[in-house]
Amino acid sequence: MPRSERSSLLLAGLLATAGTAHFAAPRQFDATVPRALPGSPRTWTYASGVAELALAAGLAVPRTRRVAALATAAFFVGVFPANVKMAVDWRNRPTPQKAAALGRLPLQIPLVLWARSVARGAEGRS
């Protein structure tokens, strides 16, 4: 299996796992939904879970991979405010939890770059 294919499928697996977790344990995700968003946090939790599952499916199919990868990069940028909210909300928690919340912030950069790399690897194949 070519490296670009493997990278695409690994990213799809990450998104599928995260998307499934939004339905299996929604409460932890509800707490990260910024209060400024209208509606119920649970609605946003489920919507983001559906989005992650849809992006995973798009990444898994070579024909839709490029568009799905670009959408994935945008999604990772779009969920950054939830990670900021989590870091702020967890600032007084025990050190390991605080470190995990803060660690998510810079993690978004390699995730966005990974998705863009998958898109570049899929160019000309869609």
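The values are calculated or read from the model by the stated rules, or taken from the named source; none is laboratory data. Given the structure is predicted, the values throughout are model-derived calculations rather than measurements. Using ideal geometry, Cβ is built from the backbone for each residue, glycine included, and neighbour counts are taken over all protein chains shown. All accessible areas refer to the heavy atoms of the entire protein, side chains included, with ligands and DNA or RNA removed. Shrake-Rupley method; radii C 1.70, N 1.55, O 1.52, S 1.80 Å.
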**OP:** Answer yes or no: is there a residue in segment 5-23 that is out of contact with any His (no Cβ under 8 Å at 6 or more places or on another chain), crowded, with 16+ Cβ neighbours inside 10 Å and part of a loop (DSSP other than H, G, I, E, B).
**Re:** no
Original post:
Just to be sure, is Pro38 without any contact (Cβ under 8 Å) to a residue 60 or more places away in the chain and part of a helix (DSSP H, G or I)?
Top reply: no
Original post:
In segment 60-81, how many residues are open to solvent by less than 20 Å² (accessible area, probe 1.4 Å) and within 13 Å of the chain's Cα centre (by Cα)?
Top reply: 5
Subject >> Residue pairs meeting the criteria (Cβ under 9 Å; at least 6 apart or on separate chains; first touching a residue at least 24 places away in the same chain (Cβ under 8 Å) and part of a helix (DSSP H, G or I), in segment 70-97; second open to solvent by less than 70 Å² (accessible area, probe 1.4 Å) and among the charged types (D, E, K, R)) >> reply: Thr72/Glu52; Phe75/Glu52
